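The values are calculated or read from the model by the stated rules, or taken from the named source; none is laboratory data. Values in this document were obtained by computation on a predicted structure and should not be read as measured data. Cβ coordinates were reconstructed from backbone atoms using ideal geometry, including for glycine residues, and neighbour counts include every protein chain displayed. Note: areas computed on protein heavy atoms with side chains; ligands, DNA, RNA excluded. Shrake-Rupley method; radii C 1.70, N 1.55, O 1.52, S 1.80 Å.
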Amino acid sequence: MHHLLIALATTPAPSPTPSLRPGLSEDQVTPGTWGFIMTAFFVLATTLLIVDMVRRIRRVRYRAQVEEERMAALAAADQDLLDVPGTGDAGAESASAQATGTQASGPQSGADFRTEPNGDEGRGRR
């Protein structure tokens with residue numbers, strides 16, 4: 001073991017400046033111009049896809065928030081109709097229509113669905 005350590009300690013270090021193997025040129029071992037262009041294209045495409053994904057997620061969250069607020073306002077309006085004295089018939093009709101799902105402005109009606117120019121399907125604006 002001692003002889004092995006001495007042999008390793010006295011062996012000269014490899015050449016400090018690495019060079020290419022004989023027969024190879026610098027162009028054969030680097031990606032070159034086309035490699036740079038393709039890498040730049042993939043970086044740009046990935047960036048655009050991420051920006052588009054973030055925009056779509058934000059749109060879905062906003063639509064859900066607006067729909068939730070609209071449903072809360074609709075429920076509050078229906079509750080106000082039921083609580084107002086003298087409107088028992090209107091409140092009962094609204095409550096029965098909502099219970100059966102026949103109310104035209106409710107989420108069950110599919111008549112107001114539309115396809116937007118960008119291909120998203122959503123509820124029509126009123």
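If you go through the range 34-83 one residue at a time, how many are in contact with a helix residue (DSSP H, G or I) (Cβ under 7 Å, 6 or more places away or on another chain) and among the hydrophobic types (A, V, I, L, M, F, W, C)?
2
So which of Leu8, Leu20 ends up being open to solvent by less than 100 Å² (accessible area, probe 1.4 Å) and at pLDDT below 80?
Answer to the selection: Leu20.
In the list Thr39, Thr46, Thr30, Thr102, which residue meets the criterion of being modelled with pLDDT of 60 or more, in a loop (DSSP other than H, G, I, E, B), of a type in the set (S, T, N, Q) and surrounded by 10 or more Cβ atoms within 10 Å (Cβ to Cβ)?
Testing whether each residue is modelled with pLDDT of 60 or more, in a loop (DSSP other than H, G, I, E, B), of a type in the set (S, T, N, Q) and surrounded by 10 or more Cβ atoms within 10 Å (Cβ to Cβ) leaves just Thr30.
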